Amino acid sequence: MSEPIRWGILGASNFASRHMGPAIHAAKGAQLSALATAHPDKAEAFRAFCPGLRLLDSYEALLADPDIDAVYIPLPNHLHVAWSLKALEAGKHVLCEKPMALRAAEFDRLIAKRDETGLLAAEAYMIVHHPQWQRTRQMVQDGAIGRLLHVDGRFSFTNRDPDNIRNRAEAGGGALRDIGVYVLGAARFVTGAEPDTIAARIRWENGVDVFADVQAEFPETTCSAYVSTRMHPYQEMTFHGETGVIRLSAPFNARVFGEARIELHQPDLGLRVERFPADNHYVLQVEAFGRSLHDGVAYPCPLEFSRGTQAMMDRVFEVARRL
């Protein structure tokens, strides 16, 4: 049996303590070993589920630790590229929160450093590891709804706290980078295609996008999507084909927003439902990372895929700013 991958976390974010820390601790083949934070009081939330967690007082100390194999980076968006590069240079594998970069061109540096070091580096785009999304892609590509004609995506929640990093332009905040990556990336993941044309409008507050409406044309499919951080919480994805519709009821926050379900709507009001009540996409993400390291299995979400989603978001910003 392979030795477990020893993980360290850079920064004691709430998301890390609630989701990714417990996922690393629970994942097969993984061991949550250390946390780097200058605020020891924040470590208590982590030690509640991982009592033996080692605490380091700086990110540099964690990257220099020979007993750490891989790092998870949940820092504010504008710090992702720099600390991912530092981690790779220190010989650590990297799983970094999305968006891993703020512009597509920044992925080129990450890809080059990944290839130079031979280490695994990836964006923590967890939904592609969930069986509801793997099954949806298979169904669409196998023709379960005939020729796919249109994709529709919606994702929203309310966050008006001016001090929250999601509302700070200098930290790379905004609705598109926080949740647009899911809706647009999901359309790319299922179709396996890139958009030809994009139209978009954005509503801004204090330099941060709080609502984005995107219309895109893929080679064989159209796509309509909106995201917002100023609307009632809601999420849904539908894939509308010639002979049926696939609807995902909790596509992005499975088990939090609700049960992950795939509804296959067929002719004559036929309906087939597949449920995934127990799957935790954060745990599955860590385990997929481990399989890539131990068994050489291709990672489901390589940097090239993440670059493509960021390139689509870059185009959304560009066309919206022309209006």
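Bear in mind these aren't lab numbers, they're just calculated from the coordinates by the rules spelled out. If you're wondering where the values come from, they're calculated on a predicted model, not measured in any experiment. No Cβ is skipped: glycine too gets one built from the backbone with ideal geometry, and neighbour counts run over all protein chains shown.
Checked against (1) surrounded by 19 or more Cβ atoms within 10 Å (Cβ to Cβ); (2) within 24 Å of I24 (Cβ to Cβ); (3) in contact with an Asp or Glu (Cβ under 8 Å, 6 or more places away or on another chain), R247 passes all but condition (2).
Number of residues in segment 101-148 that are of a type in the set (D, E) and either in contact with a Gly (Cβ under 8 Å, 6 or more places away or on another chain) or over 27 Å from H78 (Cβ atoms) (or both) equals 1.
Matching residues to (1) buried (at least 21 other Cβ atoms within 10 Å of the Cβ); (2) in a strand (DSSP E or B); (3) not aliphatic (A, V, I, L, M):
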{"site": "L85", "(1), (2), (3)": "no, no, no"}
{"site": "R109", "(1), (2), (3)": "no, no, yes"}
{"site": "A122", "(1), (2), (3)": "yes, yes, no"}
{"site": "Q134", "(1), (2), (3)": "no, no, yes"}
{"site": "Q138", "(1), (2), (3)": "no, no, yes"}
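Filter segment 24-74 down to the residues that are among the aliphatic types (A, V, I, L, M) and assigned to a helix (DSSP H, G or I), then identify the one that is nearest to the chain's Cα centre (by Cα).
The first filter runs over segment 24-74 and keeps only residues among the aliphatic types (A, V, I, L, M), leaving 24, 26-27, 30, 32, 34-36, 38, 43, 45, 48, 53, 55-56, 61-64, 68, 70-71, 73.
Those still in the list that are assigned to a helix (DSSP H, G or I) too: 24, 26, 43, 45, 61-64.
Working: I24: 16, A26: 19, A43: 24, A45: 23, A61: 27, L62: 24, L63: 23, A64: 27 Å.
The residue in question is I24.
Within segment 96-107, can one find any residue that is free of Cβ contacts under 8 Å to residues at least 12 places away in the same chain and either under 28 Å from M231 (Cβ atoms) or of a type outside the set (F, W, Y) (or both)? Among the residues of segment 96-107, at least one is free of Cβ contacts under 8 Å to residues at least 12 places away in the same chain and either under 28 Å from M231 (Cβ atoms) or of a type outside the set (F, W, Y) (or both), which makes the answer yes.
Hey, can you tell me all the residues within segment 281-292 that are under 25 Å from D108 (Cβ atoms) and surrounded by fewer than 18 Cβ atoms within 10 Å (Cβ to Cβ)? Reasoning before the result, please.
Here is the first cut: in segment 281-292, the ones under 25 Å from D108 (Cβ atoms) are 285, 288-289, 292.
Selection gives S292 alone.
Among the residues making up segment 238-269, those that are small (G, A, S), part of a loop (DSSP other than H, G, I, E, B) and under 21 Å from V181 (Cβ atoms) are S249, A250.
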